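Some notes on the structure that comes next.
Bear in mind that the values in this text are calculations on the coordinates, not laboratory data. For clarity, every value in this text was computed on a predicted model and none was experimentally measured. Methodologically, a virtual Cβ is constructed for each residue, glycine included, from the backbone with ideal geometry; neighbour enumeration extends over all protein chains shown.
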Amino acid sequence: MKAVVLLSGGMDSVCAFYQAVKEHEVVAGISFDYGAKHNHQEIPFAQHHCRMFGI
């Protein structure tokens, strides 16, 4: 099944992302600035994990 994953870049969403990659065909990861103080770190981290899987 194809899946799109919401990925903040934090530990919880990265774990969920890896589980989704294991169980589904992840075709996109979506991340956005929702105003958290760590967004400047988490968004590039989310991007890094997507790139590792060619997403």
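Quick notes on this one:
Results for (1) surrounded by 15 or more Cβ atoms within 10 Å (Cβ to Cβ); (2) among the β-branched types (Val, Ile, Thr), shown as yes or no for each residue.
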site	(1), (2)
Val4	no, yes
Gly9	yes, no
Gln19	no, no
Glu42	yes, no
His48	no, no
Ile55	yes, yes
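Condition check ((1) among the small types (Gly, Ala, Ser); (2) in a helix (DSSP H, G or I)) across all residues:
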residue	(1), (2)
Ser8	yes, no
Asp12	no, yes
Ala16	yes, yes
Gly29	yes, no
Gly35	yes, no
Gln41	no, yes
Pro44	no, yes
Arg51	no, yes
Ile55	no, no
